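Taking it in order: structure first as structure tokens, then the write-up.
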Amino acid sequence: MLISEAEAREYVPGLTANNVALGNLIRRVDEAIASFCKYPKATSTAARTMESTSYTLYLEGPGGRELELPVWPVTTITTIEDDVTEDFDGATHLVASSDYAQRGEHGEIVRLTQTSTQGAWSCTTDPVIKVVVTAGYATVPEALKQAAIELVAHKFNQRASIGKTSVTGGGLSASPSPIKIPDHVKELLDEYVINSIGQGSEVLP
């Protein structure tokens, strides 16, 4: 998780060690933030996360020498296959690690060398490139932690109105606003949003 229960309790008034729902709230906040930042799911059934995770990605062929991965920071590229048949047997169309280098601020650009055997990535809208990669934050940046803490506080303070169509108090009735990520939290998250060039991708089911 982006923050621990102890970190949440330290900064959010009202949270106590006996709040059994706190862990679930933090997990929901983690997923909401990862979704806002456009992180893919590691599997079709997994919750989105920004923590370091292993992904099996199926990407469209961009052509040219540069392939952009839809998740970062990229710590390890295990294998890349560029197979227009989409058989992905792990050998026939395997791209040698010596044929490419990582570029970009987060290591998310895979650039083929000028002398690579591969030459260029396939150019197609079909998911012909399979990449097994480890990406995400092993150490959570402080700004990202702060965003998670502030969103936990926001959701905790709004908990009384969750799932209700109206709230009554002091003789007045009002419709509660949907719980969304507040603008000040979005500002903290802006630098962590994945700005993909539009490459399609899928994850392993």
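Here are the numbers for the structure shown:
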read-out: Residues located in region 1-55, provided they are closer than 15 Å to Tyr137 by Cα and basic (Lys, Arg); value: Lys38, Lys41, Arg48
read-out: Region 52-85: number of residues that are small (Gly, Ala, Ser) and not in a strand (DSSP E or B); value: 3
read-out: For Thr92: the one exception among (1) assigned to a loop (DSSP other than H, G, I, E, B); (2) polar (S, T, N, Q); (3) in contact (Cβ under 8 Å) with a residue 24 or more places away in the chain; value: (3)
read-out: Test: residue in region 63-74 that is in contact with a Cys (Cβ under 6 Å, 6 or more places away or on another chain), at pLDDT 95 or above and more than 30 Å from Ala8 (Cβ to Cβ); value: yes
read-out: Among the residues listed as Leu2, Leu69, Leu94, Leu59, the single one being surrounded by 18 or more Cβ atoms within 10 Å (Cβ to Cβ) and over 14 Å from the mean Cα position of the chain (by Cα); value: Leu59
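Rundown of residues vs (1) outside the structural domain of Gly23 (by TED's automatic domain parsing); (2) part of a strand (DSSP E or B); (3) aromatic (Phe, Trp, Tyr), yes/no style:
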{"position": "Asp87", "(1), (2), (3)": "yes, no, no"}
{"position": "Pro127", "(1), (2), (3)": "yes, yes, no"}
{"position": "Gln146", "(1), (2), (3)": "no, no, no"}
{"position": "Glu150", "(1), (2), (3)": "no, no, no"}
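The values are calculated or read from the model by the stated rules, or taken from the named source; none is laboratory data. Since the structure is predicted, the reported quantities are computational estimates derived from the model, not experimental observations. Every residue, glycine as well, gets a Cβ built from its backbone with ideal geometry; the counts of neighbours run over all protein chains shown.
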